[in-house]
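Since the structure comes first, as structure tokens, the remarks are kept for the end.
The values are calculated or read from the model by the stated rules, or taken from the named source; none is laboratory data. Bear in mind the structure is a predicted one, so any value in this text is a computation, not a measurement. A quick note on method: Cβ atoms are made from the backbone with ideal geometry, for glycine too, and the neighbour counts reach across all protein chains shown.
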Amino acid sequence: MAYRAMPHNATKFSPAEVMFGRNITLPADLSRPPPPDATDAEDDPALYPAWLRERLRDIHEEVRRNMTTAQCRAKDHYDAAGTFNPVQEGQEVWLYAPRRRVGRNPKLECPWEGPYRVERAINDVVMEIRPLFETVSRRRARNKIVHADRLAPRRAIPALSRQIPRQQQS
């Protein structure tokens, strides 16, 4: 009963008010006198159906407007959390391809393969990639068609990319 009496965040009206055109009377409301703002149409049985029809029409229009606003707000909130990392042709990337190996803990396995180079973008989110380095096992490897969500840009690790001076042997 409390759920039907509370205004919804999106509609700004309670479900009872949307359904019946007025708020329901709760047990706590019975201890207080009714508010003096009742109109003549509410009290007159002949005018009540027309008044209720008009009231419901007004409420439903307002609910539709409020729902549209709430939907736009929810979409903006959802879209703000999403990130799109576009990958360009020719960019070096890592491929996310987790594998389950029997007897090995997947937490300790590296799920990334590569590096690869993006050969072409088939559309906004589907890419064709090929291995960056040709090894014996990858000589006959064909290009892969993968979704962009499985790709991460390859970045140099500063500590490893620096030239480490060799120690002179004495």
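Points to keep in mind about this one:
- Of all residues in the range 66-79, none satisfies being among the aliphatic types (A, V, I, L, M), within 30 Å of residue 155 (Cβ to Cβ) and either modelled with pLDDT of 85 or more or in contact with a Ser or Thr (Cβ under 9 Å, 6 or more places away or on another chain) (or both).
- Checking each residue in the range 10-37 for being at pLDDT below 80 and either touching a strand residue (DSSP E or B) at 6+ places or on another chain (Cβ under 7 Å) or of a type in the set (Gly, Ala, Ser) (or both) picks out only 28.
- Single residue of the range 86-111 satisfying the filter (surrounded by 15 or more Cβ atoms within 10 Å (Cβ to Cβ) and at pLDDT 90 or above) that is farthest from residue 154 (Cα to Cα): 96
- Sub-8 Å Cβ pairs linking a first residue in the range 52-69 that is over 15 Å from residue 16 (Cβ atoms) to a second residue that is β-branched (Val, Ile, Thr), at least 6 apart or interchain, are 66/11; 67/11, ordered by first then second residue.
- Residue pairs whose Cβ atoms lie under 8 Å apart, separated by 6 or more positions or on different chains, with the first residue in the range 9-26 and touching a residue at least 24 places away in the same chain (Cβ under 8 Å) and the second among the hydroxyl-bearing types (Ser, Thr, Tyr), are 18/11.
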